[in-house]
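Novice: The structure that follows is given in the form of structure tokens.
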Ligand code: HEC
Ligand SMILES: [Cu+2]
């Protein structure tokens, strides 16, 4: 009994001791950065996404002058959908600010005279009242200056904190400020700035026109758009970020919210290093990193093979249906040791190689040859096929996804040539095509459907969404098949 008791006391005392020690060294570290001597003054370089200013390297701490202008301006959320963004520096996310620990930042916030509302800024890198919000509250046509010392290295979110705060953030008022440690971050080849945000519009996703902010949806956290860098397609197609095989890529990834946590993932890559939540702790070999609203992470990886790597919020409907999809294009030589690509493609016969035919399907098709179904029946059956096979890419109403999947809705490409369209479904399609004036350069895989199903689905597509009402017969499908 006595022995147990003294053991407990021993454990308690040692716990207390280590606790005190930790506290002391933490306090020391903070005191140290507060006392870093500043030498000289410089203007901060500010950049709009996806670019970041030059690294601090081993420069000494300085008085760093940051001049940021607030602009309320109309922009494009996605094709045909306009939105009035409120911005720090004219972009969503706002200008990237790069500092080092010990800098004395003198921050001037200007509110453009054409703006309608007062705003301010709360920087999570600030130690002080409201993160600067109380000192920076500024009416249109005015500016405010305040200063702060960067005590803690890390990647921090900044945002507007003017009431209603949620609305200012939802309209795009957020960005990132990086505080590099003494001596700077390790050198890498490519650095980019990406920030996720959720948007709430009066109309549903894709509804055309100038869309006002919807407070009710924002409160319900029912986002119409979840995007990287302020709009659908900000990082796809020609806007993709790039790297060369063999390079190390560092992404400064933030999440402005206002509501949703990001499950940030790059398809086909593994993060070699992640500064979790933008702090000092480094995790290695990470597939998906969680970025809270109002938080950030620094992810790093070497790109070993060429290809297009898709950046997503792995809460995956956001990626394919709400816009949270970007691209990293990597150029360079293949490395078959790391990734082979398709080595072989064959027919899979679970019953064994000797059984080569599918008698059931054949019977159905012979029957169909004898008699075509009535149009209404074809359309109904075709809709079933569409909703199980085509829907995932071309979307429920055939509207497609900008820069990724072409529309079947009023598609000039579709209506121009029935046999070509049937061929695409039978054989797949790669290479550049232009649909309704927009270029697509992607891959549609060959669809494994019976001839009857192809006739049904094409008839459904042609008889929906303002297309030319072609009734596609099974014979036409067979004709296209045999011509290949
Ligand atoms: C995995 C995603 C995916 C699926 C599933 C898919 N498609 Fe496609 N489809 C594409 C892509 C990508 C293209 C453009 C290919 C390119 O860029 O060369 C395309 C192009 C087309 C086109 C020509 C372009 C246009 O907009 O008119 C038609 C027609 C079409 N698909 C019909 C269908 C039908 C019908 C189905 C279902 C049976 C289907 N697709 C299933 C991705 C898909
Ligand atoms: Cu604001």
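The values are calculated or read from the model by the stated rules, or taken from the named source; none is laboratory data. Please read these numbers as outputs of a predicted model, since none were measured by experiment. Reconstructed Cβ throughout: ideal geometry from the backbone, glycine too, with neighbour counts over all protein chains shown.
Novice: Would you please name the residue that is nearest to residue 64 (Cα to Cα), looking only at residues in the range 120-134 that are out of contact with any helix residue (DSSP H, G or I) (no Cβ under 6 Å at 6 or more places or on another chain) and buried (at least 24 other Cβ atoms within 10 Å of the Cβ)?
Specialist: 125
Residue-by-condition table, conditions (1) farther than 21 Å from residue 53 by Cβ; (2) more than 10 Å from ligand 2 (Cβ to nearest atom):
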{"site": "103", "(1), (2)": "no, yes"}
{"site": "110", "(1), (2)": "no, yes"}
{"site": "113", "(1), (2)": "yes, yes"}
{"site": "117", "(1), (2)": "yes, no"}
{"site": "120", "(1), (2)": "yes, no"}
{"site": "123", "(1), (2)": "no, yes"}
{"site": "129", "(1), (2)": "yes, yes"}
{"site": "138", "(1), (2)": "yes, no"}
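Novice: On the given criteria, is residue 144 at pLDDT below 95, over 29 Å from the mean Cα position of the chain (by Cα) and either more than 19 Å from residue 65 (Cα to Cα) or within 16 Å of ligand 2 (Cβ to nearest atom) (or both)? So that I can check it myself, show each step before the final result.
Specialist: Numbers: at pLDDT below 95: no; over 29 Å from the mean Cα position of the chain (by Cα): yes; either more than 19 Å from residue 65 (Cα to Cα) or within 16 Å of ligand 2 (Cβ to nearest atom) (or both): yes.
It is false that residue 144 is at pLDDT below 95, over 29 Å from the mean Cα position of the chain (by Cα) and either more than 19 Å from residue 65 (Cα to Cα) or within 16 Å of ligand 2 (Cβ to nearest atom) (or both).
Novice: Moving on to the next point. Need pairs with beta-carbon distance below 6 Å; first residue within 15 Å of residue 160 (Cα to Cα) and within the range 101-120, second assigned to a strand (DSSP E or B) and more than 15 Å from ligand 2 (Cβ to nearest atom); sequence gap 6+ or separate chains.
Specialist: Listed pairs, sorted by first residue: 107/66; 107/146; 108/67; 108/145.
Novice: Now for a different question. Quick one: which residue in 46, 109, 117 is under 30 Å from residue 211 (Cα atoms), away from ligand 1 (no atom under 16 Å from the Cβ), within 23 Å of the chain's Cα centre (by Cα) and assigned by TED's automatic domain parsing to the domain that holds residue 148?
Specialist: Going through 46, 109, 117 in turn, just one is under 30 Å from residue 211 (Cα atoms), away from ligand 1 (no atom under 16 Å from the Cβ), within 23 Å of the chain's Cα centre (by Cα) and assigned by TED's automatic domain parsing to the domain that holds residue 148: 46.
Novice: Which residue pairs have Cβ atoms under 7 Å apart, sit 6 or more places apart or on different chains, and have a first residue in the range 372-399 that is over 23 Å from residue 435 (Cα atoms) and a second that is within 13 Å of ligand 1 (Cβ to nearest atom) and in a loop (DSSP other than H, G, I, E, B)?
Specialist: Listed by first residue and then by second, the contacts come to 379/463.
Novice: Now for a different question. I'm told residue 242 meets every condition in (1) in contact with a strand residue (DSSP E or B) (Cβ under 6 Å, 6 or more places away or on another chain); (2) surrounded by fewer than 21 Cβ atoms within 10 Å (Cβ to Cβ); (3) not in a strand (DSSP E or B) except one. Can you identify the failing condition by its number?
Specialist: (3)
Novice: For residues in the range 318-342 being assigned to a strand (DSSP E or B) and within 9 Å of the chain's Cα centre (by Cα), which is nearest to residue 226 (Cα to Cα)?
Specialist: Only one residue fits best here, namely 325.
Novice: Can we say residue 207 is more than 16 Å from ligand 2 (Cβ to nearest atom) and in contact (Cβ under 8 Å) with a residue 40 or more places away in the chain?
Specialist: On the way: more than 16 Å from ligand 2 (Cβ to nearest atom): yes; in contact (Cβ under 8 Å) with a residue 40 or more places away in the chain: yes.
Judged against the criteria, residue 207 is a match.
Novice: Looking at this structure, is residue 307 closer than 30 Å to residue 337 by Cβ and at pLDDT below 95?
Specialist: yes
Per-residue answers, yes or no, for (1) closer than 30 Å to residue 35 by Cβ; (2) in contact with a helix residue (DSSP H, G or I) (Cβ under 9 Å, 6 or more places away or on another chain):
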{"residue": "144", "(1), (2)": "yes, yes"}
{"residue": "161", "(1), (2)": "yes, yes"}
{"residue": "166", "(1), (2)": "no, yes"}
{"residue": "208", "(1), (2)": "no, no"}
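Novice: Taking the criterion of being within 11 Å of ligand 1 (Cβ to nearest atom) and either at pLDDT below 95 or in the same structural domain as residue 239 (by TED's automatic domain parsing) (or both), would at least one residue in the range 414-422 satisfy it?
Specialist: no
Novice: A further question follows. Mind listing just one residue for me: the one in the range 270-289 that is touching a strand residue (DSSP E or B) at 6+ places or on another chain (Cβ under 6 Å) and closer than 17 Å to residue 319 by Cα and, of those, surrounded by the fewest Cβ atoms within 10 Å (Cβ to Cβ)?
Specialist: Filtering the range 270-289 for residues that are touching a strand residue (DSSP E or B) at 6+ places or on another chain (Cβ under 6 Å) and closer than 17 Å to residue 319 by Cα, the one surrounded by the fewest Cβ atoms within 10 Å (Cβ to Cβ) comes out as 288.
Novice: Restricting the search to the range 61-101, which residues are within 16 Å of ligand 2 (Cβ to nearest atom), at negative phi and not in a strand (DSSP E or B)?
Specialist: 92, 93, 94, 95
Novice: Kindly indicate the residue of the range 437-452 that is under 30 Å from residue 373 (Cβ atoms) and surrounded by 16 or more Cβ atoms within 10 Å (Cβ to Cβ) and also modelled with the lowest pLDDT among those meeting that condition.
Specialist: Per the stated criteria, the residue is 447.
Novice: Limited to the range 423-477, what total is found for residues that are away from ligand 1 (no atom under 12 Å from the Cβ), assigned to a helix (DSSP H, G or I) and out of contact with any helix residue (DSSP H, G or I) (no Cβ under 6 Å at 6 or more places or on another chain)?
Specialist: The number of residues fulfilling the criteria is 2.
Novice: Looking at residue 416 and the list (1) free of Cβ contacts under 8 Å to residues at least 24 places away in the same chain; (2) touching a strand residue (DSSP E or B) at 6+ places or on another chain (Cβ under 9 Å); (3) farther than 24 Å from residue 319 by Cα, which single condition is not satisfied?
Specialist: (2)
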